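Below is one structure, written out as structure tokens, with a few remarks after it.
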Amino acid sequence: MEKDRIKQAYLDFVLNEGRPPQSVFKLTQQLGVAEAEFYQHYPNFDAIDREIWADFGRQARETAAAEPVWESYGSREKLLAFYYTLLEILKSNRSYALMSLRRSLHRVPALTPRVLDDFRQDFERFVTDLLADGRVSGEIANRPLVQDGYPRFFWQQALFVLGFFAKDDTVNFERTDAAVEKAVTLSFDLVGRNTLDSAVDFVRFLVRR
């Protein structure tokens, strides 16, 4: 498939040269295809980068969900499984992932780099579904006034994980694995039922008497 050939040729060039090609013409000339063929699939090189990252996220979700234990997991365990699977994928594509992240994440840490736009949209949909399941099971507290903002909160967590991975210099990125566990535990402690929820329930009970 021509689209896959173009994407792979772009990725190979970036890995070999440490930068994108100077022009679409040069890449398609190297591939032996017409420049117009490129534009049938992508508007520019940035779109390829966004698709590669979306592929990483989709592959992580599908691989994690294919595990036999997936259906027995709660929302917290599913998010952990996604992150750990994603990290294994990023380790397998270490050179590109680190090059891409280090080029984009340092600019404005709190904002989403454009290279992660498609990844972010898919991730927020995934988290929205996880949290909805968690509210049904009681793992996640039902807080109508704030829960619509949870996907964006979890996206900031994802940016933290990716940024930590980009800076991690430990063997096999061991500190990133630990950071994921602590970040996910904290986030689910915040969105799960806690003392404040119990107090609100108690007040509602008293008011209804």
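The values are calculated or read from the model by the stated rules, or taken from the named source; none is laboratory data. It should be emphasised that the depicted structure is a prediction, and the values quoted were computed from it without experimental measurement. Positions of Cβ are backbone-derived with ideal geometry, glycine not excepted, and every protein chain shown enters the neighbour counts. Ligands, DNA and RNA are stripped out before the accessible areas are found, and what is left, the full protein with its side chains, is counted by its heavy atoms. Shrake-Rupley method; radii C 1.70, N 1.55, O 1.52, S 1.80 Å.
Details
- Accessible carbon and sulfur surface of the range 1-132 relative to its total accessible area, %, 1.4 Å: 48 percent
- Start at zero, step by 10 Å, and the Cα-Cα distances of the range 146-192 spread as 26, 48, 21, 5 percent across the bins.
- Extension gain, ALA65 to ASP189: 0.36 nm times the residue separation minus the Cα-Cα distance gives 42.3 nm.
- VAL115 contributes about 20 Å² of solvent-accessible surface, heavy atoms of the protein only, 1.4 Å probe.
- Rolling a 1.4 Å probe over the heavy atoms of the protein chains gives the chain an accessible area of 57 Å² per residue.
- Placing +1 on the Cβ of every Lys and Arg and -1 on the Cβ of every Asp and Glu, with nothing else charged, gives the range 33-138 a dipole about its Cα centre of roughly 540 debye.
- The chain: relative contact order as a whole-number percent, Cα under 8 Å and 6+ apart: 19 percent
- D (Stokes-Einstein, µm²/s), Kirkwood Cα radius, the chain, 1.002 mPa s at 20 °C: 112 µm²/s
- Positive-end residue, the range 51-180 charge dipole about Cα centroid, Cβ charges, pick of TYR84, TYR73, VAL146: VAL146
- Magnitude of the charge dipole for the chain, about its Cα centre and with charges confined to Cβ atoms of Lys, Arg (+1) and Asp, Glu (-1), is about 720 debye.
- Count of Lys pairs (Cα-Cα under 26 Å; at least 8 positions apart or interchain) in the chain: 10
- Helical content of the chain, expressed as a calculated mean residue ellipticity at 222 nm, amounts to -23500 deg cm²/dmol (DSSP H runs of 4 or more residues, -39,500 (n - 2.57) each, divided by residue number, nearest 500).
- Springs between Cα atoms under 10 Å define the GNM used for the chain, and in it the highest mean-square fluctuation of ARG94, ARG61, ARG120 occurs at ARG94.
- Under the span-like rule (Cα at least 18 Å along the axis, Kyte-Doolittle mean at least 0.0), DSSP H helices of the chain: 75-92, 150-167, 174-191, 195-208
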